[in-house]
1. Can you spot the aspartates and glutamates whose alpha carbon is less than 20 Å from Lys10's alpha carbon? Ignore those fewer than 8 places along the same chain.
2. Just to confirm my numbers, what's the Cα centroid distance between the stretch 329-389 and the stretch 33-89 in Å?
3. Enumerate the calculated ³J(HN,Hα) couplings along the stretch 260-277 in order (Karplus 6.51 cos²θ - 1.76 cosθ + 1.60, θ = phi - 60°), each rounded to whole Hz, writing x wherever the residue is Gly or Pro.
4. Provide Trp327, Trp272 ordered by accessible surface of protein heavy atoms (probe 1.4 Å), highest first.
5. Using the Cα centre of the stretch 59-188 as origin and beta-carbon charges of +1 (Lys, Arg) and -1 (Asp, Glu), tell me which of Ser101, Leu112, Pro124 is placed farthest towards the positive end of the dipole.
6. For labels at Ala153 and Arg341 in the simple 7 Å Cα→Cβ model, what's the distance in nm?
7. With a Förster radius of 30 Å, plug the Cβ-Cβ distance of Cys111 and Arg188 into 1/(1 + (r/R0)^6) and report the FRET value to the nearest 0.05.
8. Let me know the charge dipole size of the chain about its Cα centre in debye, to the nearest 20, where only the beta-carbon of Lys, Arg (+1) and Asp, Glu (-1) is charged.
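The values are calculated or read from the model by the stated rules, or taken from the named source; none is laboratory data. As the structure is a prediction and not an experimental result, all values here were calculated from the model. Cβ sites come from the backbone with ideal geometry, for glycine too, and all protein chains shown count toward neighbours. Please note that ligands, DNA and RNA were not included when accessible areas were found on the heavy atoms of the full protein model with its side chains. Shrake-Rupley method; radii C 1.70, N 1.55, O 1.52, S 1.80 Å.
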Amino acid sequence: MEYHISNRMKNMKPSIIREILKQMSDPTLISFAGGNPAADTFPAADIAAFSEELLRTQPAAVLQYSVSEGVPSVRDAVRAFANRNGTVAREGDEVLMVSGSQQILDFTAKCLCNEGDVVAVEDPAFLGAYNAFRSNGARLVGVPLEADGVDLAALESVFAAPEKPRFFYCIPNFQNPTGRTMSAAKRRAVYELGVKYGVPILEDDPYGELRIAGEPVPPIKSLDTEGVVIYAGSFSKILSPGMRLAYCVCEKGLASRFVVAKQCADVHSNVWAQRVCEAMLTRTDMDAHIRDICALYRQKARRMMEALDAQCPEIEYIAPQGGMFLWAALPEGVDMPEFVRRCLAQKLALVPGNVFAVDEEKPCQSFRMNFSTPSPEQISQGVGIIARVLREMRA
Ligand SMILES: Cc1ncc(COP(=O)(O)O)c(C=O)c1O
């Protein structure tokens, strides 16, 4: 049967990173391409124990349908967790449980955009967000980044344009793919621009807990007295991405729209996973667990940076203060896509930087390296391949 594909989905391409990952059955291939948390950070024993207890003592509550907003006791636990170092969720805000923060990216565009509406996005940024917005009919306008976050003058001119964006998408902490962190001053300025022009800010923060250097910077949402910020937090990087559990903090009126979107999408997020998450938040020392993850990622990031400094000083990179990624740039004159191809031929997978740009065709010298998944030995071997390919290409 020849299916008639909708205009909305017809031009959508599968995520190149997921495609690269599909080819990873070769055990000799080293991947710096994914964005997975290190599997040894999953609190599997606690998850197993809480699951067993919940299924034994309250099977009906865990296996039955539930409310779309999320289980009330889980939402309370998540609100307390989100507010433990300062207020993210205010009294007038709702906390909703969603199936991964990817779902709130989709819902935001679904609820705020009509076909052809403009959405302002950090450029480069997370491809999954761009795809979610585009699949809901949005036209993306990229706003470039500076060392301390988005270029404010460019952002203001996009906000002030006749076609005002329906929202602005940003990742203030350890941005994917660049690893950059938005300064406190810029967060305030972005918030004030959002209020001034009436443009909602979608603050995507899946990596915020994974700080490996420097001092924490409060989320934009913590400044939000006007209800313009939609905050997306996720348990993917601190518990397990397979649980597909994240949360959204936003103003009540918009939250009620998201609830209707949720009823259309999947009715509610997995109740078992929600209740396990609640137990993790209320009955274990999450801060100690997060400290352990950060210690591991700090060590891996250092190993990657030290290897690059020693073996390929001509590659410039942004030293991340957290997260999972290192954004590196090749010297002028070295063809980046060819470099990535040659690394893959030598069994190292990288992600070419252009795929994170609004305009993929724009020349790009950067590529993204993930340091959370590979082992320390693989990090050293992988950087060895990078150094070798670079030498070959410059010979
Ligand atoms: C910036 C960013 N936002 C959102 C997501 C989606 O995460 P989740 O597993 O919570 O859906 C990712 C996944 O890697 C990401 O990098």
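1. List returned: Glu2, Glu19, Asp106, Glu115, Asp117, Asp359, Glu360, Glu361.
2. Each part's Cα centre sits 35 Å from the other's.
3. Calculated HN-Hα couplings, in order: 5, 4, 5, 4, 6, 7, 8, 6, 6, 7, 3, 5, 4, 5, 4, 6, 5, 4 Hz.
4. Trp272, Trp327
5. Ser101
6. Calculated label separation equals 3.8 nm.
7. Computed FRET efficiency for Cys111 and Arg188 comes out at 0.70.
8. Dipole size: approximately 460 debye.
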